[in-house]
1. Loop-only GluC sites (Glu not before Pro) in the stretch 407-481, please: DSSP not H, G, I, E or B, and at most 14 other Cβ atoms within 10 Å.
2. Taking a ≥ b ≥ c as the square roots of the Cα gyration tensor eigenvalues, with a/c under 1.5 meaning rounded and otherwise prolate when a/b beats b/c, else oblate, which class fits the stretch 261-335?
3. Can you figure out the FRET efficiency of residue 104 with residue 273, using R₀ = 56 Å and their beta-carbon distance, to the nearest 0.05?
4. Assuming a ≥ b ≥ c are the square roots of the Cα gyration tensor eigenvalues, decide whether the stretch 531-583 counts as rounded (a/c under 1.5), prolate (otherwise, with a/b larger than b/c) or oblate.
5. Return the percentage of antiparallel bridges among DSSP beta bridges fully within the chain, rounded to the nearest 5 %.
6. For an R0 of 56 angstrom, estimate the FRET efficiency from the Cβ-Cβ distance between residue 250 and residue 60 and round to the nearest 0.05.
7. If you stretched the chain out fully between residue 478 and residue 356, how much longer would it get, using 0.36 nm times the residue separation minus the C-alpha to C-alpha distance?
8. Please state the shape class of the stretch 495-583: rounded when a/c is under 1.5, otherwise prolate if a/b exceeds b/c and oblate if not, all from the C-alpha gyration tensor.
Amino acid sequence: MENDTWVVSTGVSERFPFYTRANVGEVFPDPVAPSSFSYAIYHDGRPQGSELGFRKAYERMGVFTADEYDPDDCQFLGVHNGYCYLNASMMRLMGHRAPGMTTEDVDLAFFGDAPGVPPFVEQEGDTRPELTAKIGEVFQWALTVHELDDVRADEKKVDELRANRPDASAMSDRELLETSRKLYDDHFPDLFAQHIFVSMLSTLPVGIISSVAEAVGRPEATLQLIGGLGDVESAAPSSAMWELGRLARSSEALTAMFDAGVGGLLERIRSSEDDDAVAFSSAFDQFLYRYGSRGPNEWEVRCRTWETDPDIALAAIDRMRLTPDEAAPNLRHAERAAERERVGAELAAMIEADAEAHGQFSAALRAATVFMPGRERTKTNCVKLIQEIRMLSRELGRRWVDAGALDEPEDGSFLTHEEQERELDDPGSHLELIRDRKARFAQLRALEEPFLFVGEQPPPDTWPPRHAPRPTASAGDVLQGIPGCSGTATGRARVVLDSADPTNLEPGDILVAPITDPSWTPLFVPAAAVVVNVGAPLSHAIIVSRELGIPCAVSVTDATSLIPDGALIEVNGDTGAVTILET
């Protein structure tokens, strides 16, 4: 599939015409590379990886039957003018068909209070009582299960792939390409289906808890009851980085090395014979082995991770080492966990007379500790697999660079499957094509794609520049977002647009970010609070901020443009309000 705007695209569904960047913008914040499209979305006339995972998960849930899917084109995912979109029309049917849910519940989870969301209009065939009954059975299972054994089995499987990583340098070019594709085909569809299935079920306990909190007149308790859950995989690197930061903070030798700047830091540490440097180097190697798959835009094979570019991780550790001991993630987590236990007991006592409501509420509290951490674990399992594919692809890319066939090792991602095959036989034959695509990629990336559209996406020549100058907020202005993690914090706003470059963020500052994926998580630790342009109640920023105990407001539209860097602001994590105190 090829068009004038971007080399890969999908069609627009007539039956399900409403598309959104909500949630998927955290996974694919940039235009989709042609190789990722071929691996994960569409190839050779049929849907691939991620689309197949969605279909399998929604069938398993009972929301759809196989006959409702288009066999020839994608439905759950779409790539339009380069950007990946979720099909919100299909997501809404979860709310329409599930017992005790509404389409408004789905809209709230995906969009928060984002403007321009069209109303749901029921169509013939949307109501399926037999599917409603099946979903109800799955819900009952979710409220009684105590452990996601299959998710743990998946974790073991991807960890074994890492432990048995082949020696890429000893493989032929064709072996590198074929092995990376086999890894994807053999594992990704099922891993991703598991991620979508668990993600959908993670909304169930939150919905029940929210309903009870509203009913007893304590709506703010919802945030308190889904924080401090523990075992949240995407928050784990922060604790590991914290310990590395403590090593650096307590050592004069390491402090001097960090003070000299992140550039060349790892080489300075590795070449030093100082005992502290040797200990840090060993601990950092262990960190990279376990968490090296994380990084900005980590679902894209072409993008850097902590393993391929350790300076990204060291930049975050550098910020942490400046943070005082009382900001330790484990201390904040313990406070949130204690708060969750206390508030849960209070609300349970308030509804004790209603045995059914009490039982369901208790079941939801326990299910939240299963499915919300489970959601992050399934995501991590996918990312770990992608890292193994990335390392093979980078080795092939390095060889092509040495042969003069590419400018950079990652550039092979700008080729489709078929083009990569031809490149094997004739290295360098696509060099000018890749350069043209990289230029178009940069043009699209510099534009602000529509957050949602129905039926037909506005063409790119109507999109505004992503970082166009805009009027900034003034003292006294209040920007309204969605509450993410309870608490109030005041500090200097630090607008950070790239998680790999956080050098202006100081302890006690308030992090203002466009969107967050797990690579941003370590920057939450030194921050007094977090403000994010987009997001929803189950977005990554909220889940991690709850674990780390940091006040958070998401869906603060255009926060990175409206809030002046260095302004004194107050973030109310209970209401989602961000107040400009002085500029």
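Every number here is computed from the coordinates shown, using simple stated rules; none is lab data. Worth saying up front: this structure is predicted, and the values here are computed from it rather than measured. As a convention, Cβ positions derive from the backbone with ideal geometry for all residues, glycine included, and neighbour counts pool all protein chains shown.
1. Taking the stretch 407-481 and a limit of 14 other Cβ atoms within 10 Å, the loop GluC sites (Glu not before Pro) found are 448, 456.
2. oblate
3. 0.35
4. Details: a/c = 2.22, a/b = 1.61, b/c = 1.37.
Prolate.
5. 75 percent
6. 0.70
7. Between residue 478 and residue 356, full extension yields an extra 39.8 nm.
8. It is rounded, given that a/c, with a ≥ b ≥ c, falls under 1.5.
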